[in-house]
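The values are calculated or read from the model by the stated rules, or taken from the named source; none is laboratory data. All values reported here derive from a predicted model rather than from experimental measurement. Every residue, glycine among them, receives a Cβ derived from its backbone with ideal geometry; neighbour counts consider all protein chains shown. Remember, those area values only see protein heavy atoms, side chains included, never the ligands or the DNA or RNA. Shrake-Rupley method; radii C 1.70, N 1.55, O 1.52, S 1.80 Å.
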Amino acid sequence: MNIAPKQTQWQPPSNISREETLARSEAVLAMPDLALRETEDIFRIHALGLDWDMGVKVYQPVDPMRIARGADGRRIGIFLLHGGSGDYKSMEPIARVFAQKFGCKAVAMTFPGRLYLNDPGRDWPGDTINSDGTVRVPIWRKGECITPDQYEVVRDTSMRLRYGTRTVARAKPGTIFYDRMAAWPVAFEEGMKDAMRRHFPEGEYSIYLTGHSTGGPMVFMISQRVPNVAGMIAVENSPFGFIQEEQHNWSGALGKVAGFERVNKQKAPRTDPFNELYIRTWRDRARYAGPEALGQEGPQALMRLPWLMEEILDSWDKTKARSQFKAEYVITHNIRGSLEAAARAVAVRLSMAEADMQRLVQHYLGFPFPQTGPGAKPVPPVLFCISKDSRDHSPDVYREVVVPMFATIDPAPKVCVTQWGAGVHTYHKSEPGLPLGIAPPVAEFYVRAIQEGYFVV
């Protein structure tokens, strides 16, 4: 499952057993802790005629001389993005391991609109769907309020096999909600660039990117747009959108989890409109809990379905304080029609000339793809880590789809895949013998790769 165009001093194994995973985790957790300084940074950017408030959390050793360096001699900067349900708090467990155990500076960023700016604790109140039928909506700028008259709530059963019944908030044209749903991709791009400029100065830091799940295509997108990004530390990290689109078509609902053959191999492509915000519920925990229980317990897991549902609902009660809405499918699944429609909506609002509109359309259509051609920075080396009982990241799909499609990129980046003998998609979730899941040994694995030359090209 590896593409290795250039040999380096250190190469990863294809598999790490459960026993070794437990031993590595125990060794990392026994390491002494460095004293940390943790700070929140809220900053405002201007993109496509709108102001956007961005939020990151920074984790670094109190003593700056303790910040670790990689094989290239530069300080190690770890940039983390959460998945489709969270904010920077979702990445805190592994960010702290990188900083506290290994002396890396880690910056965890929140997607635009996901941070609850109305309270210093950043926990969203209530549930995602209110008793009056209104729903939780983003806060893209402090003090701005998206009101219920700006959207229509829709109950969608078209993807019930995967999601159950989906609730979406469909932004109405002419509203600020609609305008922001069209413009957020560029705000996201500019926000990531600004965050890295602020915290990882070029020449001082080499940056290593990881994006959990939905965050994956976003960090792949930005990897060529920031000069000092040196590598992709991609744990349970979806790939570029054009690859994720094919991965979605290949794997169906279950892929090959615990003996289940892939289903619906050629599914219809996603067509989510850019102005639809998906509102998550307990169902999103259920669609992962089922395959995870199947992988860990076998089919007999169904015999404890009431108990499993209790676990799902308890988990939802604990995690509904995170944002729990998403709109990124247009990039993560390369929905060309929706990307073009979003760009054209922005262009109409800004009264762009036709040539400028076409440039913006091409910019949007490029988000799911690597940049190629003269002057394009090559895609940096990639090191994927996948967990044993991941719902969406099976060895088969990496072998048959992901790695071969990376090989079509010109120039093809170095790509390796390591599967761990434990863990689930939320890789810091505890399980017997692993109080922080596989996060501690994965962090050690990546630091070793950085310091022993895997990412030096």
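Annotation: aspartates and glutamates with alpha-carbon distance below 12 angstrom to LYS318 (same-chain offsets under eight excluded): ASP123, ASP127. Here's how it looks for ILE78: its modeled amide H is under 5 Å from those of LYS105, ALA106, VAL107, TYR208, which are all 5 or more places away or on a different chain.
What is the percent carbon and sulfur in the accessible area of the chain, measuring with a 1.4 Å probe over the protein chains and ignoring ligands? Show your work: numbers first, answer last.
Details: 9310 of 17770 Å².
The nonpolar share, carbon plus sulfur, comes to 52 percent.
Sequentially through the stretch 176-192, phi angles give Karplus couplings (6.51, -1.76, 1.60; θ = phi - 60°) of 5, 4, 4, 4, 6, 5, 7, 9, 4, x, 6, 4, 5, 4, 5, x, 5 Hz, Gly and Pro residues having no value and appearing as x. Amide H to amide H distances under 5 Å link GLU431 with GLY437, where only residues 5 or more positions off or on other chains count and H is placed in the peptide plane.
For the stretch 27-161, the spread of Cα coordinates along the three principal axes comes to 53, 39, 28 Å, biggest extent given first. Sort the stretch 345-457 into rounded, prolate or oblate with this rule: let a ≥ b ≥ c be the square roots of the eigenvalues of the Cα gyration tensor; rounded if a/c is under 1.5, and if a/c is not under 1.5, prolate when a/b is larger than b/c, oblate otherwise. Prolate.
For the stretch 329-341, 3J(HN,Hα) computed residue by residue from phi via the Karplus equation (6.51, -1.76, 1.60; θ = phi - 60°) reads 4, 4, 8, 5, 10, 6, 8, 4, x, 6, 5, 5, 4 Hz, glycine and proline entered as x. Dividing the mean sequence gap of close Cα pairs (under 8 Å, 6+ apart) by how many residues the stretch 115-186 holds gives a relative contact order of 21 percent.
Kirkwood analysis of the Cα pair distances in the chain returns a hydrodynamic radius of 22.4 Å.
Looking at this model, which pairs from LYS57/LYS377; LYS57/LYS193; LYS89/LYS326; LYS193/LYS320; LYS193/LYS377 are more than 20 angstrom apart at the alpha-carbon? Too far apart for the 20 Å limit: LYS57/LYS377; LYS193/LYS320.
With viscosity set to 0.890 mPa s at 25 °C, what whole-number translational diffusion coefficient in µm²/s follows for the stretch 120-168 from Stokes-Einstein and a Kirkwood radius over Cα pairs? Intermediate results must be reported in sequence, preceding the final value.
Numbers: Rh = 12.9 Å.
Diffusion coefficient, whole number: 190 µm²/s.
Debye-formula intensities of the stretch 121-234, expressed as log10 I(q)/I(0) at q = 0.11, 0.12, 0.18 Å⁻¹, are -0.55, -0.64, -1.08 (one equal scatterer per alpha-carbon, no solvent). Entry note: the stretch 7-103 has Rg to Rh equal to 1.05, where both radii use alpha-carbon atoms and Rh is the Kirkwood radius.
Are there any trypsin sites (Lys or Arg not before Pro) in the stretch 128-180 that are in a DSSP loop and have at most 15 other Cβ atoms within 10 Å? List them by number. Before the final figure, lay out the partial values.
Working: sites: ARG136, ARG141, LYS142, ARG155, ARG160, ARG162, ARG166, ARG170, ARG180; in loops: ARG136, ARG141, LYS142.
Sites meeting the loop and neighbour criteria: LYS142.
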